[in-house]
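The values are calculated or read from the model by the stated rules, or taken from the named source; none is laboratory data. A quick note: this is a predicted structure, and the numbers were derived from the prediction, not measured. Here the Cβ positions follow ideal geometry from the backbone for every residue, glycine too, while neighbour counts run over all protein chains shown.
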Protein chains: 2
Amino acid sequence: MRGSSRIPAAAIAAVALVAAAPPPEPVTPRAVLATAPAGDWAPIAPEDLLLIDLEGGVRVAIALAPAFAPVHIANIRTLARAGWFDGLAIDRVDDGYVTQWGDIDGTKPLPAGVTKPAPAEYERPDRGLAVSPLPFRDAFALRVGYVGPFAVGAEGGQAWLAHCYGSVGSGRDGNPDTGTGAELYAVIGHSPRQLDRNIAGVGRVVEGMPYLTALPRGTGEMGFYAKPAERTRIVREVIAADLPAAERPAYQYLRPDSASFAAWLRVKANRRDDFYLRPAGAVDLCGALPPVRRAAAAP
Amino acid sequence: MRGSSRIPAAAIAAVALVAAAPPPEPVTPRAVLATAPAGDWAPIAPEDLLLIDLEGGVRVAIALAPAFAPVHIANIRTLARAGWFDGLAIDRVDDGYVTQWGDIDGTKPLPAGVTKPAPAEYERPDRGLAVSPLPFRDAFALRVGYVGPFAVGAEGGQAWLAHCYGSVGSGRDGNPDTGTGAELYAVIGHSPRQLDRNIAGVGRVVEGMPYLTALPRGTGEMGFYAKPAERTRIVREVIAADLPAAERPAYQYLRPDSASFAAWLRVKANRRDDFYLRPAGAVDLCGALPPVRRAAAAP
């Protein structure tokens, strides 16, 4: 009698059924995004979308954060609508730190309506602000999380935009409270969180980072270009809302208060798919920015 | 009687003295480095310094970490000495993530002596390893700090090289334990710490990061170049020890167990100089890599 004959037929059928079932799909962050219901995505309002057309026919898109820097954002809209940025340039590319553009030397007269924010918009009260928490340790803030597509730190009743890769802020002089939005920078290296609360964050690049990161580094002090010929010219800065609807690019972000975002965080923190052997057990604030995607049509 | 006449002369003199004294020099991280005694700097051994000469006459210098990945480092030395890397190329520039080079498709025969490390050198026992601790929270490891010029995580009796901006690791296939050092990558974005312990760290770029970061981004899958013509050619990879002494570049790092490093960390975490209004009260692991400088002569 062969040993196998002692296994009841029903058990053999059950084993065969299990063996025939495909292995469970590896759950990747990408797979979570692909199955997120439409309602877990939210549009970036065209009024909050700054488009920078650079020489060479390329474009950088920046989501603006009026909940954190309303005066700066109003200024940026005023400057864009006046065509004020057009013809200015990227003047500074400081490796591992920032790419900077606009009125670097502060000599171009500003249009009417551009004001210096007071207070300086480095932070805001956290009252009334729904921060979706990131449940992991952070070196810089007791509470961290996300508001819309933005990474946020919070402590002591205040909240602020965190400086992450791709974050955009408003340049200023050594003197505080000198920024208006006429000089902007984007982070191109390890997230410089020490800048948090020392300068006004205004938004986040949502498309076109390579056009800010793959530029030659400046060889002057602090990464400024030594020669004007090295600069990259800004053809136009425009608010998406000011374009004809058919020409507007549209973006959506995964709502940080959605079930899909929570699942995406869990999977990112506990990767066992593909390449990963040992899940990190955590993600850090700047390593888990809410995903952004192009939308089919303007919202 | 004027009010001032009621102040004793000695007190007036003391006040004048205070007023005449120059304000205390702002203490910047840079100032700490400038005054660090020679003994707080340590040389990077020429045997642990990999030089990559790229087309265009530019060079990237990488400090290797044999204490963490001895078999990988032995392989890298063997490959460099065989001229094996020469004529290969940078094949992948994935924005915000890594620049990668070497034998990407794994088809070039390896010279004798190159072996697959076992165990895979993703981590090592922390026994006997002096980790200079960073006294701030970290999302990924219970203990973080520095060993030589390298950022390190440690937990559960193991220690590993952390993935920071500029970190260099050994590429591998999806299968674990497939890396040898013949395919290398450098981190060019926010520090991807989730890779820690999932792949072997081998070192850190100490000079020439812009030659890895300012390259056009690859438009293929995962940032690989779609066309071979887009690649950047490796003219030569050489271990500094193999160059004539007069041609060897020499570097020193600030010893993480030195008083100067401790002071530098304190100042970085509590900046009140120049630009900063609100000290962060902390630094994060990848934001405080031990400073590296060119030395006058080979050590």
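Taking residues in segment B:282-299 that are within 16 Å of B:Leu265 (Cβ to Cβ) and in a strand (DSSP E or B), and partners anywhere that are among the aromatic types (Phe, Trp, Tyr) and at pLDDT 95 or above, the pairs with Cβ atoms closer than 9 Å and at least 6 places apart or on different chains are B:Val292/B:Tyr251; B:Val292/B:Tyr253.
Can you find a residue that is more than 23 Å from B:Ala67 (Cβ to Cβ), in contact with a Ser or Thr (Cβ under 6 Å, 6 or more places away or on another chain), touching a residue at least 12 places away in the same chain (Cβ under 8 Å) and not in a helix (DSSP H, G or I) anywhere in segment B:129-149? No, because not a single residue in segment B:129-149 is more than 23 Å from B:Ala67 (Cβ to Cβ), in contact with a Ser or Thr (Cβ under 6 Å, 6 or more places away or on another chain), touching a residue at least 12 places away in the same chain (Cβ under 8 Å) and not in a helix (DSSP H, G or I).
If the condition is being touching a residue at least 60 places away in the same chain (Cβ under 8 Å) and in contact with a strand residue (DSSP E or B) (Cβ under 8 Å, 6 or more places away or on another chain), then segment A:108-128 contributes A:Pro117, A:Ala120, A:Glu121, A:Tyr122, A:Glu123. All conditions in (1) modelled with pLDDT under 95; (2) crowded, with 24+ Cβ neighbours inside 10 Å hold for A:Leu184, with the sole exception of (1).
Selection within segment B:220-242: residues that are of a type in the set (Gly, Ala, Ser) and either part of a strand (DSSP E or B) or in contact (Cβ under 8 Å) with a residue 40 or more places away in the chain (or both). The member of this set that is nearest to the other protein chains (Cβ to nearest Cβ) is B:Gly223. Checked against (1) farther than 27 Å from A:Thr99 by Cβ; (2) away from chain A (no Cβ under 11 Å), B:Asn270 meets all criteria but (2). The conditions of being polar (S, T, N, Q), within 8 Å of chain B (Cβ to nearest Cβ) and either buried (at least 24 other Cβ atoms within 10 Å of the Cβ) or not in a strand (DSSP E or B) (or both) are not met by A:Asn175. Return a yes/no flag: does segment A:105-125 have any residue that is in contact with an Asp or Glu (Cβ under 9 Å, 6 or more places away or on another chain) and either farther than 27 Å from A:Gly174 by Cα or among the β-branched types (Val, Ile, Thr) (or both). No, segment A:105-125 contains no residue that is in contact with an Asp or Glu (Cβ under 9 Å, 6 or more places away or on another chain) and either farther than 27 Å from A:Gly174 by Cα or among the β-branched types (Val, Ile, Thr) (or both). For segment B:178-199, taking the residues that are among the hydroxyl-bearing types (Ser, Thr, Tyr) and touching a Lys or Arg at 6+ places or on another chain (Cβ under 9 Å), the one that is nearest to the other protein chains (Cβ to nearest Cβ) is identified as B:Thr178.
Close contacts from segment A:68-81, counting a first residue that is at pLDDT 95 or above and a second that is surrounded by fewer than 20 Cβ atoms within 10 Å (Cβ to Cβ) and in a helix (DSSP H, G or I), with Cβ to Cβ under 8 Å and a gap of 6+ residues or different chains, come to A:Arg77/A:Glu47; A:Ala80/A:Asp242; A:Arg81/A:Asp242. Return the residues of segment B:200-219 that are modelled with pLDDT of 95 or more, outside any helix (DSSP H, G or I) and more than 7 Å from every other protein chain (Cβ to nearest Cβ); say none if nothing qualifies. Matches in segment B:200-219: B:Ala200, B:Gly201, B:Val202, B:Gly203, B:Arg204, B:Val205, B:Val206, B:Glu207, B:Gly208, B:Gly218. Cβ-Cβ distances below 6 Å connect the following pairs, each with a first residue in segment A:158-182 that is more than 23 Å from A:Ile52 (Cβ to Cβ) and aromatic (Phe, Trp, Tyr), a second residue that is at pLDDT 95 or above and assigned to a strand (DSSP E or B), and a separation of six or more residues or different chains: A:Trp160/A:Gly153.
Looking at B:Ala80, is it within 23 Å of B:Gln252 (Cβ to Cβ), surrounded by 24 or more Cβ atoms within 10 Å (Cβ to Cβ) and either within 14 Å of chain A (Cβ to nearest Cβ) or in contact with an Asp or Glu (Cβ under 7 Å, 6 or more places away or on another chain) (or both)? Criteria not met by B:Ala80. In segment B:160-172, of all residues being over 20 Å from A:Pro192 (Cα atoms) and within 11 Å of another protein chain (Cβ to nearest Cβ), the one that is surrounded by the most Cβ atoms within 10 Å (Cβ to Cβ) corresponds to B:Trp160. Restricting A:Pro279, A:Pro256, A:Pro249 to those that are at the interface with chain B (Cβ under 9 Å from one of its Cβ atoms) and either out of contact with any Pro (no Cβ under 9 Å at 6 or more places or on another chain) or not in a helix (DSSP H, G or I) (or both) reduces the list to A:Pro279. Residue check: B:Arg124 meets all listed conditions (1) crowded, with 16+ Cβ neighbours inside 10 Å; (2) within 23 Å of the chain's Cα centre (by Cα); (3) farther than 27 Å from B:Tyr251 by Cβ but one, namely (3). Applying the set (1) assigned to a loop (DSSP other than H, G, I, E, B); (2) away from chain B (no Cβ under 13 Å) to A:Ala154 leaves exactly one unmet item: (1). Within segment A:84-113, if we keep just the residues that are of a type in the set (Ser, Thr, Tyr) and within 14 Å of another protein chain (Cβ to nearest Cβ), the residue that is surrounded by the fewest Cβ atoms within 10 Å (Cβ to Cβ) turns out to be A:Tyr97. Within segment B:251-299, restricting attention to residues that are under 19 Å from B:Phe136 (Cα atoms) and among the aromatic types (Phe, Trp, Tyr), the residue that is surrounded by the fewest Cβ atoms within 10 Å (Cβ to Cβ) is B:Phe261.
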